[in-house]
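Trainee: Attaching a single structure in structure tokens format; questions to follow.
Values in this text are rule-based calculations from the coordinates and carry no lab data. It should be emphasised that the depicted structure is a prediction, and the values quoted were computed from it without experimental measurement. Counting neighbours? That spans all protein chains shown, and the Cβs are built from the backbone with ideal geometry, glycine included.
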Amino acid sequence: MISSRIPGFYNLSPEERAKKVVEFANLTENDISILQSVLPLDDADRMIENVIGSFSLPYGIATNFLINGKDYLIPMVIEEPSVVAAASNAARLARNNFGFMAEATYPVMIGQIQVKTDTTQFSRLKILGHKEEILSIANEQDQVLKKLGGGAVDLSCRIIDDYLVVHLLVNVKDAMGANIVNTMCESVASKIEELTDGKVILRIISNLAVERLARARAVFGKDDIGGSDIVDRIISATDLANSDPFRCATHNKGIMNGIDALVIATGNDFRAVEAGAHAYASLGGYHSLTSWEKAKDGDLAGSIELPMPVGVIGGGTMSPYARLSLKILGVKTSTELSCVAASLGLAQNFAALRALVSEGIQKGHMRLHAKNIVKIAMDNLVSEDVDYAAKFSDKAIIDKVSDLLVKEGSINVNRAKEILKDV
């Protein structure tokens, strides 16, 4: 297996980066052509309603990831600058201590059936007494899933206010599982009404997937990240997140920067993952999804745990873009994808915290922001004088001018135009 440690990947041209990914994942020319194509209008029209076109986002690759002893290049679809580079750098530092170790629980999703009944306690026991019958009805909806070792595996009951809420637990195997869980919940509704002499109000999946967790951990050497003071600062910053929801919202958002980008790239439901993550962080009071502690030798030990309802089959994962992402990743199961996502989230959180407690978060952002400003200035000059067009084709010029803007601390279009004219 080729290593995901690719020095200088950031400095390569998009075409050169693509060649590296082709080598790593054994891609074909057709695979790469997918990234340069636009979603066909007919396909888009089948996915949602009222379609008039499609919308593109940048597709990047996070390098250097070593997870459970396996190298990964991680596709990320995101518009925010610095995120991909930050994740790659964090993964590079983690490699010095064997990378990330990750695991995930069984892919069990929860379906909820809300029941209005006059006898909540009596009905709760009656439903539990007919558990096997209810599970059998649910499993009739997908015999293939049952044969594969999945399907409805258990149920429980909760009493909330005046309602009885039945939780149907479904092992969805390698799918995200929303469709089959919703179908199973609907299939058992009439039986539950019969048993409770009540009325089912709703039956739908819960995105708080506490039965489907992903965990990852990594150690960052104190000397690799700037010394003991940086270790202490990262721990202190996380303490604040655990005490202050205003800070914690941004802290956890940084985690999801990476996870959402991967989830989108693989055609999964990033809204479900995002909702589940923040709901999980709210259990017992809103808190950080990560923990940062000082190891006995002074190194920084990080860990993460959160729900990860992602799949590798069904739904949006069957689109050409998602299939390509899964091919680049080389993942075969939803469990493996969950482990990659959790590791990426931990890496992203480390990178954000390290930047925040040292140089500040804006330094990396400003470099890319400056490049965008230079490009705008170039377009303006080209519209004013067509002769400038040929002069601005060199990437080195863009880098040079953007570096000058950052150095001066004056990142604006007018200053960029002045420098470009001098160049």
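Trainee: Subtracting the Cα-Cα distance from 0.36 nm times the residue separation, let me have the gained length for Ser136 to Arg323 in nm, one decimal.
Mentor: Taking 0.36 nm per residue and subtracting the Cα distance, the gain is 64.0 nm.
Trainee: Decide, for the stretch 254-380, between rounded, prolate and oblate: order the square roots of the alpha carbon gyration tensor eigenvalues as a ≥ b ≥ c, take rounded if a/c falls under 1.5, and otherwise choose prolate if a/b is larger than b/c, else oblate.
Mentor: Cα axes put the stretch 254-380 in the oblate bin.
Trainee: How many angstrom lie between the Cα centre of the stretch 123-143 and the Cα centre of the stretch 226-283?
Mentor: First find each Cα centre; the distance between them is then 37 Å.
Trainee: Could you list Arg271, Arg354, Arg233 so that the one with the fewest beta carbons within 10 Å of its beta carbon is first and the one with the most is last?
Mentor: Lowest count first: Arg271, Arg233, Arg354.
Trainee: Test of understanding: what is the full-extension gain from Asn11 to Ser282, defined as 0.36 nm times their sequence separation minus their Cα-Cα distance?
Mentor: So the extension gain works out to 93.5 nm.
Trainee: Based only on Cα atoms, what mean projected area does the convex hull of the chain have, in nm²?
Mentor: So the mean shadow area of the Cα hull is 25.0 nm².
Trainee: For the pair Lys395 and Lys199, how long in nm is the line joining their label points, each one 7 Å along Cα→Cβ?
Mentor: 6.5
Trainee: Using the beta-carbon distance between Asn68 and Asp422 and R0 = 56 Å, what value does 1/(1 + (r/R0)^6) give for FRET efficiency, to the nearest 0.05?
Mentor: Using R0 = 56 Å, I get an efficiency of 0.60.
Trainee: Follow-up question, since we're still on this one. Given the options Glu293, Glu132, Glu384, which has the most mean-square fluctuation in a GNM of the chain, springs set between C-alpha atoms less than 10 angstrom apart?
Mentor: Looking only at Glu293, Glu132, Glu384, the biggest GNM fluctuation is shown by Glu384.
Trainee: Highest mean first, how do 312-324, 171-183 rank when packing is the count of other Cβ atoms within 10 Å averaged over residues?
Mentor: Result, highest mean first: 171-183, 312-324.
Trainee: I would also like to ask the following. Of Lys70/Lys332; Lys70/Lys327; Lys222/Lys253; Lys371/Lys421; Lys253/Lys296, which sit over 23 Å apart, Cα to Cα?
Mentor: Result: Lys222/Lys253; Lys253/Lys296 exceed 23 Å.
Trainee: List the equivalent ellipsoid semi-axes of the stretch 108-206 in whole Å, largest first, each obtained as the square root of 5λ for an eigenvalue λ of the Cα gyration tensor.
Mentor: 23, 13, 10
Trainee: Which order do peptides 250-261, 61-72 fall in by mean Cβ count within 10 Å, highest first?
Mentor: 250-261, 61-72
Trainee: Note down the relative contact order for the chain as a percent, whole number, built from C-alpha pairs under 8 angstrom at least six residues apart.
Mentor: 18
Trainee: If packing is taken as the average count of other Cβ atoms within 10 Å, what order do 398-404, 203-209, 302-308 fall into, highest mean first?
Mentor: Numbers: 398-404: 18.6, 203-209: 21.3, 302-308: 23.9.
For the peptides 398-404, 203-209, 302-308, the packing ranking is 302-308, 203-209, 398-404.
Trainee: Below 17 Å, Cα to Cα, which lysines can Lys126 reach? Residues fewer than 8 away in the same chain don't count.
Mentor: Qualifying lysines at Cα under 17 Å: Lys116, Lys191, Lys199.
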